[in-house]
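The values are calculated or read from the model by the stated rules, or taken from the named source; none is laboratory data. These figures come from a predicted structure and were not determined experimentally. Note: ideal-geometry Cβ built from the backbone for every residue, glycine included; neighbour counts use all protein chains shown.
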């Protein structure tokens, strides 16, 4: 097998691991990865605007709004007008949202983060560089990460607005 085939097999294994974890998340908590991302961010940030959520999760505001609409329909979050600035609307978790979040399985990334942080700094840098190069080779920099990203306690780096 040629090296490029080895790389593609490894990428398919990563995609498969994410897919299986997404199915587990959906089955056990009734959430998608991006929904879990936003709910964890709301819990972490407290009362938060859509723009803040969008920046924190590296999702487009339109994607975040669509996901929040579904979470609100399911009674997991509510939108509350700011008492300080009536122009701002904050997303907050409902009691049902808190309970759902507590029952949700841990994100796949938590296991990865623990192992990654135990690597030597040079190994972390090498991996980061390699993954960024692969993303660039696949022209993936411009894609919205929300459909596949399941955040743990980290967020994707924010990109400048285009």
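One table, with the values for the structure above:
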item	result
Check on residue 75, on the phi > 0 side of the Ramachandran plot, surrounded by 12 or more Cβ atoms within 10 Å (Cβ to Cβ), at pLDDT 90 or above and touching a helix residue (DSSP H, G or I) at 6+ places or on another chain (Cβ under 8 Å)	yes
Residues of the range 51-104 satisfying the condition of being under 15 Å from the mean Cα position of the chain (by Cα) and touching a residue at least 40 places away in the same chain (Cβ under 8 Å)	55, 56, 57, 58, 59, 60, 63, 64, 67, 101, 104
Test: residue in the range 117-132 that is touching a helix residue (DSSP H, G or I) at 6+ places or on another chain (Cβ under 9 Å), surrounded by 12 or more Cβ atoms within 10 Å (Cβ to Cβ) and within 19 Å of residue 47 (Cβ to Cβ)	no
Every residue from the range 77-100 that is out of contact with any strand residue (DSSP E or B) (no Cβ under 7 Å at 6 or more places or on another chain) and under 18 Å from residue 31 (Cβ atoms)	95, 96, 98, 99, 100
